[in-house]
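The values are calculated or read from the model by the stated rules, or taken from the named source; none is laboratory data. Computed from a predicted model, the values in this text were never measured in an experiment. Because the Cβ atoms are built from the backbone with ideal geometry, glycine has one as well, and the counts that use them run over all protein chains shown. Areas reflect the complete protein model, heavy atoms only, side chains present, ligands, DNA and RNA absent. Shrake-Rupley method; radii C 1.70, N 1.55, O 1.52, S 1.80 Å.
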Amino acid sequence: MALKMLTTITGNFVTCLKSTRPGKAAASVTLPFPAIPWTRFYTQQLSPNEVKVPLENLSLVASLENMGVDLTLVRKRHAILLKKTTTHEQKLRQFLMDKGADTKMVASIISRFPRAITRKHEVLDEMWNIWKGIVGTDATILNVVQRSPESFFRTSNTENLSKNIEYLQSIGLPPKLLSQLMIKSPRTFANSVDLNKQNVEYLLDLCTQLGGDNPQEFVRELISRNIYILTKSTNRIQSNVQNIKSLMKLDSPALLKWVQGDGAPLLSLSYTYFENNYMSVQAKLQSLGCTEAEIALYVFMLPKLLLMTPQNFENKINALMGCGVDIKEILSTLNVLAIHINTLKSRIKLLTDCSYDFKTWGLSILLLSQAKFITKIESLRISESPHDSDGEG
């Protein structure tokens with residue numbers, strides 16, 4: 001079909017040329033072209049500007065497959081890696097096994113953080129020794145690597161890691177806190193030293209602005225209560241501080257106490273999340289008769305309230321109100337809303353089955369440890385009256 005069409009076009013064009021008189025240019029001719037898809041004639045020749053996409057390194061793919069690595073996960077997370085010609089997966093495997101890992105663990109680590117296979121043995125060994133100098137044991141480091149491979153393998157800049165450790169030690173972080181920081185928030189050490197300095201200097205200034213007289217102690221206390229604080233932007237922290245002060249109507253001394261105490265984790269939240277949760281708590285409690293001042297005081301005393309989703313908070317309130325108590329009783333039993341919703345519902349059911357009178361004996365029994373709670377339940381089951389199990393003991 002294509003050949004026939006080409007012959008017809010050529011013949012028409014030649015006829016047209018013969019029909020022109022000598023000395024005159026041939027008339028322009030517009031030739032009809034059949035509506036045939038161009039793809040049928042595409043030869044797949046690349047233009048000079050086009051680049052061939054390299055195929056996967058079959059040797060590497062086979063090596064990883066033999067190690068038990070999830071190649072589907074690798075392709076999803078870092079597909080280009082499988083096209084590399086130089087990697088160190090076998091040396092990585094041996095390195096981790098020498099530290100106590102098994103083959104299944106190694107496969108899982110590479111599957112979740114494929115770039116680990118690009119790290120050279122010398123760098124890994126140096127990084128491991130730096131970590132060990134802080135956290136103490138191979139088992140602890142391996143536990144971090146297994147839980148979050150990115151924490152250990154995300155950087156190979158050992159110089160930056162060492163400088164960050166020196167700097168954080170210089171501001172007075174005790175060894176135990178430095179160890180916790182490395183285990184729980186290793187991203188802190190992937191920051192540039194200058195960035196960590198800027199963040200710490202901002203926190204030192206914040207303490208001074210709020211009337212604090214010991215900025216370094218403030219920073220240490222804040223880091224111990226919010227281990228991720230140095231990985232958050234100062235803009236986010238500043239925005240949260242200002243808006244917390246505005247929403248809760250706190251003066252500087254109260255805000256300072258709250259920020260370096262139980263309110264510290266909230267500084268890491270996005271302002272939208274904080275504001276939405278605060279407004280949801282406020283709307284629910286106001287509908288039950290609480291004043292703005294009472295709500296602000298309750299949030300001040302129990303900041304983790306704002307870490308809950310609005311639905312979770314409402315479910316807990318509804319479950320407790322179903323016990324026959326009023327909102328004042330709930331707010332006066334400070335940590336009752338901090339109990340996990342499943343635990344809360346389970347305990348309420350057990351107590352209800354035992355004819356426990358929440359309105360008479362209160363909610364304190366819900367705060368007992370699991371062992372003490374079971375003991376109370378057993379006591380209630382063999383007692384005709386729950387008066388001696390009011391949860392106060």
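Some notes on this structure:
- In the stretch 279-317, the residue that is least open to solvent (accessible area, probe 1.4 Å) out of those that are of a type in the set (A, V, I, L, M) and assigned to a loop (DSSP other than H, G, I, E, B) is L302.
- Within the stretch 65-107, the residues that satisfy the criterion of being touching a residue at least 12 places away in the same chain (Cβ under 8 Å), open to solvent by 40 Å² or more (accessible area, probe 1.4 Å), out of contact with any Ser or Thr (no Cβ under 8 Å at 6 or more places or on another chain) and at negative phi are R77, H78, K83, T85, K91, K99, T103, K104.
- Single residue of the stretch 171-182 satisfying the filter (open to solvent by less than 40 Å² (accessible area, probe 1.4 Å) and part of a loop (DSSP other than H, G, I, E, B)) that is nearest to V200 (Cα to Cα): I171
- Screening L334, L350 for residues that are surrounded by fewer than 18 Cβ atoms within 10 Å (Cβ to Cβ) and either in contact with a Leu (Cβ under 8 Å, 6 or more places away or on another chain) or hydroxyl-bearing (S, T, Y) (or both) leaves exactly one candidate, L334.
- For the stretch 201-211, the criterion of being assigned to a helix (DSSP H, G or I), buried (at least 19 other Cβ atoms within 10 Å of the Cβ) and under 23 Å from the mean Cα position of the chain (by Cα) is satisfied by at least one residue.
- When residues of the stretch 212-229 are limited to those that are assigned to a loop (DSSP other than H, G, I, E, B) and over 28 Å from the mean Cα position of the chain (by Cα), the one surrounded by the fewest Cβ atoms within 10 Å (Cβ to Cβ): D213
- Hey, S252 polar (S, T, N, Q), touching a Gly at 6+ places or on another chain (Cβ under 8 Å) and farther than 28 Å from S369 by Cβ or not: yes
- Considering only residues in the stretch 230-278 that are of a type in the set (D, E) and in contact (Cβ under 8 Å) with a residue 12 or more places away in the chain, the one that is surrounded by the most Cβ atoms within 10 Å (Cβ to Cβ) turns out to be E275.
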